[in-house]
1. Identify the residue in segment 201-219 that is part of a helix (DSSP H, G or I) and of a type in the set (Ser, Thr, Tyr) and, among all such residues, is modelled with the lowest pLDDT.
2. Condition (residue is surrounded by 22 or more Cβ atoms within 10 Å (Cβ to Cβ), assigned to a strand (DSSP E or B) and in contact (Cβ under 8 Å) with a residue 40 or more places away in the chain) applied to segment 51-63: is it met by at least one residue?
3. Given the conditions (1) without any contact (Cβ under 8 Å) to a residue 24 or more places away in the chain; (2) out of contact with any helix residue (DSSP H, G or I) (no Cβ under 8 Å at 6 or more places or on another chain); (3) within 18 Å of residue 67 (Cβ to Cβ), report the number of the one that residue 132 does not fulfil.
4. If you take the residues of segment 46-67 that are within 16 Å of the chain's Cα centre (by Cα) and charged (D, E, K, R), which of them is farthest from residue 88 (Cα to Cα)?
5. Among the residues of segment 164-200, which ones are surrounded by fewer than 17 Cβ atoms within 10 Å (Cβ to Cβ) and either in contact with a His (Cβ under 6 Å, 6 or more places away or on another chain) or at pLDDT below 95 (or both)?
Amino acid sequence: MSLIAPSILSADFLQLSKDVQMVNDSQADWFHLDIMDGRFVPNISFGLPVVGAIKREAKKTLDVHLMIEEPGNYAEAFQKAGADILSVHIEACPHLHRNLQQIHSLGMKAGVAINPHTPVSQLFDVLHDVDVVCMMSVNPGFGGQKFIEYTLDKIRTLKAEINRRQLKTLIEIDGGVTLDNAKIITDAGADVLVAGNTVFSAADPTATIAELKRITSAN
C-alpha cells in the first residue's frame, strides 16, 4: 500500500483550513507542499507563512518540496516553519551532499527531487543519504499536467538500485497521478504518490484518497 500525499498547491486557498482538515480526517499520510520561487521554475506558489499556518493545523507529516534556487539558504527557515521532510532539487544543488547533511542536521528527513530529463543514476553516489527521492513525472512548476510515461522506467531503475543496496529510501512520484495510473506507478516501485488535482478537483476528495489507497493496496 502506497503512502498518499495530497498536494496543497491544488487546494482552495480561500478554504485552506477546511482542506487541511479534510486531509487530516482522510486516509492520506502526508501533506505535500510545493514551494516555487519563479526562478528555478516559471511560477510562484507560496512560502514560509503558509507552511507555518498549515503546520498549526496539520496532524500529519509535512513533506516540503523546494523548487527553488539556493535551497540551502532557506532550509533552517522551513524547518522552523514545520517541515518534517525537506526535498531539494538535484539540478539546483551543485553541492548536493552538503545540502543533505544540512537537512539531516536540522532534524528533518532529506529528500532529493529530480526532473524528468535527469537520469536517476546521478543520485546513486548520494543515495545512502537520501530518505525520499521525489521523482518529477511532469515538468515542474505547474499542476494539472499529464504523467510522463518514461517515468515508469526511471522508477524501475531506481528501485532496483535501492533494493540492490538494501536501502530504505522511498520513491515519491509527483505529477499527473490519477486513479487510472496509480496502480501501474506503484507496481513499478513507487512508495509515495503525490496527488493534487485528482484529489482536490474531485466531488468527494476524501473518497478519492480512500480509492487511491485501495487501488495501490490491491494485488
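1. Per the stated criteria, the residue is 217.
2. Yes, the conditions are met somewhere in segment 51-63.
3. (1)
4. Within segment 46-67, the match that is farthest from residue 88 (Cα to Cα) is 60.
5. 197
The values are calculated or read from the model by the stated rules, or taken from the named source; none is laboratory data. Not measured: the values here are computed from a predicted model. Because the Cβ atoms are built from the backbone with ideal geometry, glycine has one as well, and the counts that use them run over all protein chains shown.
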